[in-house]
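The block underneath contains the structure these notes are about, expressed in structure tokens.
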Amino acid sequence: MKKSANTHGLKAVILVGGPGTRLRPLTDNCPKPMVPVVNKPFLEHTLAHLKLSGIEDIILAMSYLPEAIREYFGDGEHHGVRLTYCIEEEPLGTAGAVKNAAAYLDRPFVVLNGDNVFLEMDFNEVYTFHRDKKAKATIFMTQVDNPSAFGVVETDDDQRVKRFIEKPPPGTETSNRINAGGYIVEPEVLEEIPTGQHYMFEKGLFPKLLEDGQPLYGYTYNWYWLDMGTPQKYFNFNIDLLLSKTKSPLFQNLTGDGVYYSGENSEVHPAAKITGPVLIDSDCKIGRGASIKGPVIIGKGCIIGDSTSLEKTILWDKVNMGQNSRLKQCIIASDTIIKDNSKIENSVVTPSKTVPLSV
Ligand code: GDD
Ligand code: MG
């Protein structure tokens, strides 16, 4: 991972205020930033990446279930960053949430959608682009096959944005380059955002800056990118990390093969068969004759009964799998009990629900 120093003193605002509706049922009891990705809360990967880029002053803009996040991350000290929590009483929208943090933003800053994955982004390189273009704001762009699900960005040959259209109806898209969900913003742009009102970058601020002829630029990010918006995308992201298609600073050692432990005290019966890539967290028990065929991720304190088999599956924490069961292509949320002799495929299972997973 190429990273340069944060010579410009950039801060970052992470937007973590959405309810995570499309990730349900995974987000029924777990805010999206806390959803475990290779056994660590999703947000922890983003913080580690920012830290690696030298960005240590980070504002979490949130409105939905803030307590679980604050309880885990505290002031950020254990993660090598300084966290400030800006809580909205009512969701203020993407730009309104940043305005709510204006008191902390007196120099150019990075804004990230909390559900977009940019683990290979060199923020200082984007900032240099932004500064050289004398932009008021720079949008990180990526290319996708289905642009109408995103904010579509049209630029000229100099990368200056000509039009920004949020989620145009399918068939009307004029470009397959989209807003990847990250920006560099100059502090004076905050003056354009109304205080205490619901206001969006996508539908409010960007169209307004363009109307006013302000310099808005697009920076093309060509590396691994994802919107972790649905269980399918969540599943793919985990498997991609395990297969080493992209890397998190928290797991530099995953090579796409092998059996890895992200915690201690797990017991694997000598007559269990494990074929990597498999990641196992702490305090798990894997029984006699169990078969684990990677890619598989197993969270903390899981019990895999005798003769049970898992294939291409993600278990969160404290999943109790009975004996002689078979699971293939599943996500099993924390505290779920799977009875003996179960056979489950292509499903998301929580203690109270089972829904299909199509990947
Ligand atoms: N604090 C706060 N307050 N955060 C919010 C609010 C709010 O009122 N509303 C949304 N967010 C956060 C969400 O938690 C998420 O991290 C981010 O803002 C974007 O919201 P989504 O609901 O995930 O939007 P989207 O995925 O439909 O579209 C956005 O992302 C696309 C890339 O994945 C847009 O920015 C598109 O233009 C972009 O292409
Ligand atoms: Mg999203």
Checklist entry - According to the square roots a ≥ b ≥ c of the eigenvalues of the Cα gyration tensor, what is the shape class of the stretch 1-139, taking rounded for a/c under 1.5, prolate for a/b larger than b/c otherwise, and oblate for the remainder? => result prolate
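At 25 °C and a viscosity of 0.890 mPa s, what translational diffusion coefficient does Stokes-Einstein give for the stretch 152-293, taking Rh as the Kirkwood radius over Cα pairs? Give it in µm²/s as a whole number. Walk me through the numbers on the way to the answer.
Values: Rh = 19.4 Å.
Translational D for this selection: 127 µm²/s.
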Item to check | Cα-projected label distance for THR84 with LYS353, points at 7 Å along beta-carbon direction, nm | outcome: 3.6 nm
Checklist entry - How large is ³J(HN,Hα) for each residue in the stretch 68-85, as worked out from phi by the Karplus curve 6.51 cos²θ - 1.76 cosθ + 1.60 (θ = phi - 60°), to whole Hz, x for Gly and Pro? => result 4, 6, 5, 4, 6, 8, x, 8, x, 3, 5, 10, x, 10, 10, 9, 10, 9
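Out of the DSSP beta bridges found with both residues in the stretch 11-129, what percent are antiparallel (nearest 5)? All intermediate terms of the calculation are to be shown ahead of the outcome.
On the way: 2 of 17 bridges.
Around 10 percent antiparallel, to the nearest 5.
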Next on the checklist: If you average the C-alpha positions of the stretch 293-308 and of the stretch 50-125 separately, how far apart do those two centres end up, in angstrom?
Outcome noted: 34 Å
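Mind checking the dipole of the stretch 15-156: about its Cα centre, +1 per Lys or Arg Cβ, -1 per Asp or Glu Cβ, Debye to the nearest 20? Can you show the working numbers first?
Numbers: 13 positive and 20 negative charges, 31 e Å.
Magnitude of the dipole: close to 140 debye.
Over all distinct alpha-carbon pairs, what is the Kirkwood Rh of the stretch 257-356 in angstrom?
Details: mean 1/r = 0.0784 Å⁻¹.
This gives a value of 12.7 Å.
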Item to check | Debye-sum result for the chain in log10 I(q)/I(0), which assumes one identical scatterer on each alpha carbon, at q = 0.08, 0.13, 0.15 Å⁻¹ | outcome: -0.42, -1.01, -1.26
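Can you list which of the chymotrypsin sites (Phe, Trp or Tyr not before Pro) found in the stretch 258-359 are DSSP loop residues with at most 13 other C-beta atoms within 10 Å? Write out the running numbers ahead of the final one.
Details: sites: TYR260, TYR261, TRP316; in loops: TRP316.
Listed in order of number, the matching sites amount to none.
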Next on the checklist: Using protein chains only and a probe of 1.4 angstrom, how many square angstrom of ASP257 are accessible, to the nearest 10?
Outcome noted: 90 Å²
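Give me the number: length gained by fully extending LYS343 to LEU210, i.e. 0.36 nm times residue separation minus the C-alpha to C-alpha distance, one decimal in nm.
Values: separation 133, 0.36 × 133 = 47.88 nm, distance 5.48 nm.
Value of the extension gain: 42.4 nm.
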Next on the checklist: Give the residue list of GluC sites (Glu not before Pro) in the stretch 206-315 that are DSSP loop and have at most 10 other beta-carbon atoms within 10 angstrom.
Outcome noted: GLU264
Item to check | Computed label-point distance, nm, for sites TYR261 and THR172 using a 7 Å Cα→Cβ extension | outcome: 5.7 nm
Checklist entry - How much mean residue ellipticity at 222 nm does the chain get from its helices, if each DSSP H run of length 4 or more adds -39500 (n - 2.57) and you divide by all residues, to the nearest 500 deg cm²/dmol? => result -4000 deg cm²/dmol
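The values are calculated or read from the model by the stated rules, or taken from the named source; none is laboratory data. Nothing here was measured: the structure is a model prediction, and the numbers come from that model. Glycine gets a Cβ as well: all are built from the backbone with ideal geometry, and neighbour counts include every protein chain shown. We work out accessible area using only protein heavy atoms, side chains counted, and drop any ligands, DNA or RNA first. Shrake-Rupley method; radii C 1.70, N 1.55, O 1.52, S 1.80 Å.
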